[in-house]
Number of protein chains: 2
Amino acid sequence: MYKTIADAALQEAQKAFDAKEIPVGAVVFNTKTYQIIARGHNQTITKCDVSAHAEIRALQKACQKLKTTHLQGYSCYTTLEPCAMCAQALAWAGVDKVLFGAYDPKSGGVEHNARVFNHTHHKPEIIGGLEEKKCQALLTRFFKGLRNG
Amino acid sequence: MYKTIADAALQEAQKAFDAKEIPVGAVVFNTKTYQIIARGHNQTITKCDVSAHAEIRALQKACQKLKTTHLQGYSCYTTLEPCAMCAQALAWAGVDKVLFGAYDPKSGGVEHNARVFNHTHHKPEIIGGLEEKKCQALLTRFFKGLRNG
């Protein structure tokens, strides 16, 4: 089932890629049924908003849809290890699980650097490296394109 | 000058208080001239958005106003020590200084817990405890009111 979830997040990441944004996508889904309830992609440039990362966008839409800021019973898959901002937002939302594709040693805040969930009251289950190759490939293609102008 | 800045942030915190939100306010100001360019207050319940903390709201408005996500030359004062989410957002924005009033041992992510700026590439100058008593008093009054129902 996680492959379907990851594919949906990768579709979101592709939207970011097409808009010349760092290609990261995220989805919020029902932890038991795997039904996707919200999708988001990185829109920091498009929206001129430093906080408009894929996970934040997906969380915002999930909160709007469910009319609550408490997302117990829901989980989030994102194509790149969340940064500290997104990790803390996921903790505030109280999601069950945080799943991600590619690892981000430079700016990740889950398995690297601030390791936010080591410090939060709510500690979701963490699963990294799900569909890692596909997620990393899109990022590599993006940054290669940037370098080649 | 910081007193004027802090007072403006406290006015924002009071708006949150009046809306029955945890009373935190933040302002973004020009580091040299102290001119305030954006204000925000905690609106997580009002906006049904886990990310709508005072600092995120102020950053969003500052980015919109200046039409950039790079806030070099600007600083942020907030009435409560930023959480990891807001600290990382301030790092992404590249603000010069992060100033705050009350310390937050439970959920703060600057001087406590994740200590986000120990791990970020951009490290703003940090000054905590500015107008601490006033900022703490408003928070204490809010939580006392909650307990007394």
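Nothing in this text is a laboratory measurement; each read-out follows from the coordinates by a stated rule. Quick caveat: nothing in here was measured; it's all calculated off a predicted structure. Methodologically, a virtual Cβ is constructed for each residue, glycine included, from the backbone with ideal geometry; neighbour enumeration extends over all protein chains shown.
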Over its alpha-carbon atoms, chain B yields an Rg and a Dmax in Å of 14.0, 44
What are the equivalent ellipsoid semi-axes of segment A:47-121, built from the alpha-carbon gyration tensor (square roots of five times its eigenvalues), in whole angstrom, biggest first?
19, 15, 11
What's the magnitude of the charge dipole for chain A around its Cα centre, counting Lys and Arg as +1 and Asp and Glu as -1 at the beta-carbon? Answer in Debye, nearest 20.
240
Which aspartates and glutamates does residue A:3 reach when only Cα atoms under 13 Å apart count, and residues fewer than 8 places away in its own chain are ignored?
A:131, A:132
Using just the C-alpha positions of the protein assembly as shown as equal point scatterers, what log10 of I(q)/I(0) does the Debye formula give at each q in 0.16 1/Å?
-1.26
Along the positive direction of the dipole of segment B:31-75 (beta-carbon charges: Lys, Arg +1; Asp, Glu -1; about the Cα centre), which of B:68, B:51, B:33 reaches farthest?
B:33
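Test of understanding: ordering A:17, A:29, B:143 by Cβ neighbours within 10 Å, fewest first, what list do you get?
Result, fewest neighbours first: B:143, A:17, A:29.
In segment B:67-149, which trypsin sites (Lys or Arg not before Pro) are in a loop and have at most 11 other Cβ atoms within 10 Å, using DSSP for the loop call? Provide the component values of the computation, followed by the final result.
Details: sites: B:67, B:97, B:106, B:115, B:133, B:134, B:141, B:144, B:147; in loops: B:67, B:106, B:115.
Here the trypsin sites (Lys or Arg not before Pro) that fit, given the DSSP loop and packing criteria, are B:67, B:106.
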Cα centroid distance between segment B:57-86 and segment B:1-34, in Å?
12
Just to confirm the numbers: residue A:123, label point 7 angstrom along the Cα-Cβ line, distances to the other copies in nm, shortest first?
2.8
Could you derive backbone 3J(HN,Hα) for segment B:28-34 from the dihedral phi with the Karplus parameters 6.51, -1.76 and 1.60 (θ = phi - 60°), listing whole Hz in sequence and x where the residue is Gly or Pro?
10, 9, 5, 4, 8, 9, 6
Averaged over its residues, how many other protein chain Cβ atoms are within 10 Å of peptide A:109-120's Cβ atoms?
5
Give a residue-ordered list of calculated ³J(HN,Hα) values for segment A:101-107 (Karplus: 6.51 cos²θ - 1.76 cosθ + 1.60, θ = phi - 60°; whole Hz; x for Gly, Pro).
x, 7, 7, 10, x, 7, 10
Relative contact order, percent, segment A:1-120 [alpha-carbon distance under 8 Å, six or more residues apart]
21
Label geometry 7 Å along the beta-carbon vector: residue A:19 inter-copy distances in nm:
2.4
Along segment B:71-82, what does the Karplus equation 6.51 cos²θ - 1.76 cosθ + 1.60 (θ = phi - 60°) give for ³J(HN,Hα), rounded to whole Hz, x for Gly and Pro?
9, 4, x, 10, 9, 10, 10, 10, 6, 9, 3, x
For residue B:70 and residue B:144, what does the FRET efficiency come to when R0 = 41 Å and r is the distance between their Cβ atoms, rounded to the nearest 0.05?
0.50
